[in-house]
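First up is the structure itself, then whatever we jot down about it.
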Amino acid sequence: MSDLHVVLGATGAIGKAVTAELTARGREVRAVSRNAEGPQGFRADITTAEGAVAACAGAAVVYQCAQPPYAEWASEFVGLTDTLLTGVEKAGARLVMADNLYMYGPVDAPLTEDLPYAADFPKGRARARVAEMILNAHKEGRVRASLGRASDYFGPGGVNTVLGPQIFAAAAAGRTARWVGEPDEPHTVAYLPDLAAGLVALGENPKADGYAWHLPAGPPVTGDEFLALVWKAAGGRPKSASIGRGAQRLIGLFNPVVKELGETWYQRDRPWVADDTAFRAAFPDQVEVTPHEEAVAATLDWFKQRA
């Protein structure tokens, strides 16, 4: 029986973290991307059926960590998922999808996996459709699949997130670290190595199949609390600020990435707490969440070395 674990999107932050976690566990890994390098690297264009089939061939588990550019989620994510399901089905592999929380839309209570997919904006609808495609493929017997969902993440390699450049890169350079959103609302944040360990736990436990899971994370923190942890690790004179809705609209006039945040501002103007009780109950031996203070310090060290 194959023990090959295939990571799609292996040069992205989540893909790299999953590859590192699998390698640390002694798994045979194929790290797939268009520009993969090294002994584990495998070059393939997984937007094509041929590329997806080649990438997944011989796999026991496929970790889907690839995604289109953020601005293209609405137009490309469904097609990419359809193609990848073909590759996974052909290989007879299990599928673990690295997912987020967009499909739920605005929620005024802790987020649980049984919430309806109520998102009414393009990216949220695309993420909902992707989740439905994967779970329906599981129900139909085409593939065995699970989804691991996480909120905003940070960690070594996390450069394309609202927490990376705005906070860690800025603090590492001695500039003002800026929390995007209301600074006094609790928010779940996920540490990349913990997120990866959660995804691999799903890959190693067939009883995870057929469900979406909120991956374990540390306790929610406010923006002010998170920035305080960053400056405690950075030392020196703290320089912190927040970006409110008005500033986001203004900056978005000339920064398309910041403009895109307007669709999901409901995640930043109220408590945004992901309930991971189901995962912790199902996989109690798989939960070792890194304390925020330790995770923040490790992330800041990585950004300092990169700078």
First in segment 246-271 and of a type in the set (Ser, Thr, Tyr), second anywhere and surrounded by 17 or more Cβ atoms within 10 Å (Cβ to Cβ), Cβ under 7 Å, 6 or more apart = THR264/TYR102
Report, ordered by the first and then the second residue, all pairs with beta carbons closer than 9 Å, sequence separation of six or more or different chains, a first member in segment 26-43 that is surrounded by fewer than 13 Cβ atoms within 10 Å (Cβ to Cβ) and at pLDDT below 95, and a second member that is of a type in the set (Ser, Thr, Tyr) and assigned to a loop (DSSP other than H, G, I, E, B).
-> ASN35/THR11; GLU37/THR11
Can you run down the residue pairs with Cβ atoms below 9 Å, 6 or more apart or on separate chains, where the first is in segment 1-16 and closer than 12 Å to ARG30 by Cβ and the partner is surrounded by fewer than 24 Cβ atoms within 10 Å (Cβ to Cβ) and at pLDDT below 95?
-> VAL7/GLN40; ALA10/ALA36; ALA10/GLN40
Is there a residue in segment 229-250 that is more than 16 Å from the chain's Cα centre (by Cα), closer than 26 Å to LEU95 by Cβ and surrounded by fewer than 18 Cβ atoms within 10 Å (Cβ to Cβ)?
-> no
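Let's see how each residue does on (1) at pLDDT 95 or above; (2) touching a Pro at 6+ places or on another chain (Cβ under 9 Å); (3) among the aromatic types (Phe, Trp, Tyr):
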position	(1), (2), (3)
LYS207	yes, no, no
ALA212	yes, no, no
ALA217	yes, no, no
GLU225	yes, yes, no
VAL230	yes, yes, no
LYS239	yes, no, no
ALA247	no, no, no
GLY252	no, no, no
Filtering strands (runs of 3 or more DSSP E) wholly in segment 120-223 for at least 2 residues that are under 18 Å from the mean Cα position of the chain (by Cα) and under 18 Å from ALA66 (Cα atoms) gives 144-149
Could you list, in sequence order, the residues of segment 90-105 that are surrounded by 18 or more Cβ atoms within 10 Å (Cβ to Cβ) and either closer than 25 Å to VAL159 by Cα or not aliphatic (A, V, I, L, M) (or both)?
-> ARG94, VAL96, MET97, ALA98, ASP99, ASN100, LEU101, TYR102, MET103, TYR104, GLY105
Test GLY262 against the stated conditions and say whether it is small (Gly, Ala, Ser) and modelled with pLDDT under 95.
-> yes
Which residue pairs have Cβ atoms under 8 Å apart, sit 6 or more places apart or on different chains, and have a first residue in segment 131-159 that is at positive phi and a second that is in a strand (DSSP E or B) and crowded, with 20+ Cβ neighbours inside 10 Å?
-> GLY155/TYR191
Note: among PHE121, PHE168, just one is under 15 Å from ALA190 (Cα atoms), in contact with a Ser or Thr (Cβ under 9 Å, 6 or more places away or on another chain) and either surrounded by fewer than 22 Cβ atoms within 10 Å (Cβ to Cβ) or at pLDDT 95 or above (or both), namely PHE168
Can you name the residue in segment 1-25 that is surrounded by fewer than 18 Cβ atoms within 10 Å (Cβ to Cβ) and of a type in the set (Ser, Thr, Tyr) and, of all such residues, is modelled with the highest pLDDT?
-> THR23
Looking only at segment 118-130, which residues are among the charged types (D, E, K, R) and without any contact (Cβ under 8 Å) to a residue 40 or more places away in the chain?
-> ASP120
Do we find that VAL61 is in contact (Cβ under 8 Å) with a residue 60 or more places away in the chain and under 26 Å from LEU101 (Cβ atoms) in this structure?
-> yes
Hits in segment 278-296 - residues which are at pLDDT 95 or above, surrounded by fewer than 17 Cβ atoms within 10 Å (Cβ to Cβ) and assigned to a helix (DSSP H, G or I) = ALA278, ARG280, ALA281, ALA282, GLU293, GLU294
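The values are calculated or read from the model by the stated rules, or taken from the named source; none is laboratory data. All of these numbers come straight from a predicted model, not from anything done at the bench. So basically every Cβ, Gly included, is an ideal-geometry build from the backbone, and we count neighbours across all protein chains shown.
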